[in-house]
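Some notes on the structure that comes next.
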Amino acid sequence: MGLKWNRTPQETRVPGYPSSGGDSRLDSFFVSETAAPPRTRPTATMDRRLKRTSMLLTMILSAAVALGLSLSGSRAQQPAAPPKTAPTFYRDVLPILQGHCQQCHRAGGIAPMAFETYAQLKPYAAAVKVATQTKSMPPWFADPEVGKFLNDPSLSEQEIATLSAWADSGAPAGRSDEASAPRVWTENWTIPQPDLVLKMPQPVRLPAGGDIEYTYEIVPTHFTEGRWVQMAEVLPARRGNVHHAVVYVRPPDSSWLRHAPVGVPFTASALGDPADRASAMWTDSDILLVYAPGSSPDMWPESMAKYVPAGADLVFQMHYTATGTATEDQTSVGLRFAKQPPPQRVLTLQLTNDHFVIPPGAPNYRVEARGTLPNDAVLLSFFPHMHLRGKSFEYNLVRHGKARGGAPQNPAAVGFEPLLRVHYHFHWQMSYRLATPMHLAAGTELQAVAWFDNSRDNPHNPDPDVAVRWGEQTYDEMMVGFFDVAVDARLDKRSFFVRH
Ligand code: HEC
């Protein structure tokens with residue numbers, strides 16, 4: 001059926017796509033997975049982990065600047081002149097915080113300190129100047145030369161200059177009557193008040209230390225009819241312990257984890273049924289959303305939504321990390337439903353390569369995956385995923401040139417159009433939403449390329465002396481290029497892969 005597979009010498013395969021040979025069987029969807037710090041390292045609190053992250057980032061960024069490779073690329077224009085009078089907190093700084101920082105720096109947000117009031121920000125004035133000038137804050141890893149993204153929180157040069165000038169002039173408060181109205185956050189939700197909150201019925205007990213096996217909890221929706229989800233957000237009860245969460249939509253006719261208990265936490269190794277045990281990591285269920293530190297909730301445009309069929313269950317797949325204190329988590333997902341059935345349905349697909357072997361010490365090892373879309377789709381967003389040796393990640397459109405005179409394809413005339421290029425950072429798993437969704441015709445080939453640093457120079461490398469393969473623990477590696485597409489609302493993930 002014309003489904004193309006491109007096997008590179010590195011044995012690339014694309015489990016998100018039907019297998020070669022042209023059958024339209026849907027096989028081998030990987031369960032997404034992000035992982036804990038390696039077990040050789042003492043468990044640290046999230047704050048400390050992130051602190052190291054930001055120091056590292058600052059180092060990377062300064063190194064890049066020193067080499068003239070500023071990440072800001074085209075944006076590195078003349079620094080804008082600061083405002084004539086010294087900027088004040090209420091008039092000039094607060095609006096920047098509301099627009100670019102408070103999604104994390106607020107009471108209950110993922111950052112360790114809130115930036116909602118003058119008293120909260122003042123002690124950080126100098127740190128804010130440094131963090132914004134080096135672009136370690138707000139966190140964002142996309143190469144600005146490639147693509148434009150809706151959720152890019154980056155500051156303009158003007159805004160950076162304003163924050164610096166404010167810090168340099170003694171961080172004045174200014175007149176509080178000039179303050180913009182406080183930005184209101186719904187409890188801890190970033191999306192507006194959800195129409196429905198589905199919470200794990202039973203809390204998961206978390207030990208103080210050690211590796212924690214992936215924990216699942218199946219949460220029935222009790223939907224008597226299919227529902228269209230316009231926005232979705234994962235809200236952990238213990239943010240510091242949740243390294244990632246993936247919420248799957250298990251339709252009632254799916255056999256995935258069918259013998260597993262419902263409404264109680266379990267791990268794959270504890271399952272009695274061998275088929276369930278073996279398939280815990282493999283499903284063709286669609287993903288509702290992926291959560292990781294720094295990721296933002298899913299909010300689809302009016303005309304599109306994710307679909308949850310009647311009788312479906314949500315399967316929470318949780319990767320917890322121990323933080324030194326025994327505790328409990330009971331994660332929720334908040335849903336806002338579309339007002340009417342949308343014309344388009346959002347599916348999460350993936351380009352995955354699980355056949356690589358990264359040699360010991362390799363500083364820049366390249367792994368790629370390709371796949372061809374069986375049907376028309378509108379490309380919406382990306383979510384690259386690797387582990388501790390991840391270095392950078394790229395998505396490209398593959399353009400096959402035709403030889404003159406309508407001759408068959410000339411393989412030499414292949415062009416790659418970059419869609420996203422990121423400096424990968426394990427501690428910040430982010431989605432990148434295209435500012436302008438892109439129509440891709442059936443037959444369009446997509447490529448994902450990952451680079452891994454297995455050298456000693458990678459400060460996160462748990463062991464530079466071993467060859468590294470695919471595996472679920474962080475000392476193994478993964479190469480998954482998730483991407484979201486909008487398709488005709490009548491299609492589901494299975495039928496999308498049948499060419500019509
Ligand atoms: C996506 C979430 C997120 C956003 C958006 C964000 N921060 Fe942060 N920020 C964090 C987290 C988490 C930390 C703590 C860990 C760390 O130090 O990296 C932090 C730490 C900081 C620090 C401490 C110093 C440092 O660099 O470690 C400063 C200063 C800071 N942020 C300023 C800002 C400012 C100013 C903005 C907006 C312009 C902003 N942040 C936006 C998540 C965020």
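Here, each number is a calculation from the coordinates, and none is a lab measurement. Owing to the predicted nature of the structure, the values given are computational and were not obtained by experimental measurement. Note that each Cβ is placed from the backbone with ideal geometry, even for glycine, and that neighbours are counted across all protein chains shown.
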Could I have the simple spin-label model distance between V184 and A442, label points 7 Å from Cα toward Cβ, reported in nm to one decimal?
4.8
Charge dipole of the stretch 418-496 about the Cα centre (unit charges at C-beta), most positive-ward option of V487, S431, H460:
V487
Please list, in chain and number order, the residues 5+ apart from F141 or on another chain whose amide H is under 5 Å from its amide H, with Hs placed from the backbone.
none
Let me know the Rg and Dmax you get for the stretch 143-187 when you use only its Cα atoms, in Å.
15.2, 41
Hydrodynamic calc, the stretch 70-178: Kirkwood Rh from Cα pairs, then Stokes-Einstein at 37 °C with viscosity 0.692 mPa s, so D in µm² s⁻¹ is 227
With +1 at each Lys and Arg Cβ and -1 at each Asp and Glu Cβ, the charge dipole magnitude of the stretch 168-209 around its Cα centre, to the nearest 20 debye, comes out at 320
Sorted by chain and number, the residues with a modelled amide H under 5 Å from that of R106, at a separation of 5 or more or across chains, are A111, F115
Would you pull out the residues with amide H under 5 Å of S392's amide H, same chain only if 5 or more places away, H placed 1.01 Å from N?
Y424, W451
Which net charge results when you count Lys and Arg as +1 and Asp and Glu as -1 among the other residues whose beta-carbon is under 9 Å from that of R469?
-3
Need one number for the stretch 179-267: average projected area of the convex hull over its C-alpha atoms, nm².
8.6
Can you tell me the length gained on complete extension of the stretch V262 to T117, counting 0.36 nm per residue apart and subtracting the Cα distance?
47.8 nm
Taking 8 Å as the Cα distance limit and 6 or more residues as the minimum spacing, I'd like the relative contact order of the stretch 70-178 as a percentage.
43
Karplus-derived 3J(HN,Hα) from phi for the stretch 311-327 (6.51 cos²θ - 1.76 cosθ + 1.60, θ = phi - 60°), whole Hz, x at Gly and Pro, runs x, 6, 10, 9, 9, 8, 10, 10, 10, 9, 10, 7, 10, x, 10, 5, 7
Using 24 Å as the Cα-Cα cut-off, could you pick out the over-long pairs in K135/K391; K306/K339; K148/K339?
K148/K339
Using 1/(1 + (r/R0)^6) with R0 = 22 angstrom and r between the beta carbons of A467 and W282, what's the FRET efficiency to the nearest 0.05?
0.35
Take A310, project a point 7 Å from its Cα along the Cβ direction, then tell me which residues of the stretch 228-259 have their backbone nitrogen under 14 Å from it.
228, 252-253
List residues of the stretch 241-267, by number, whose backbone nitrogen lies under 17 Å from a label position 7 Å along Cα→C-beta of T325.
241-243
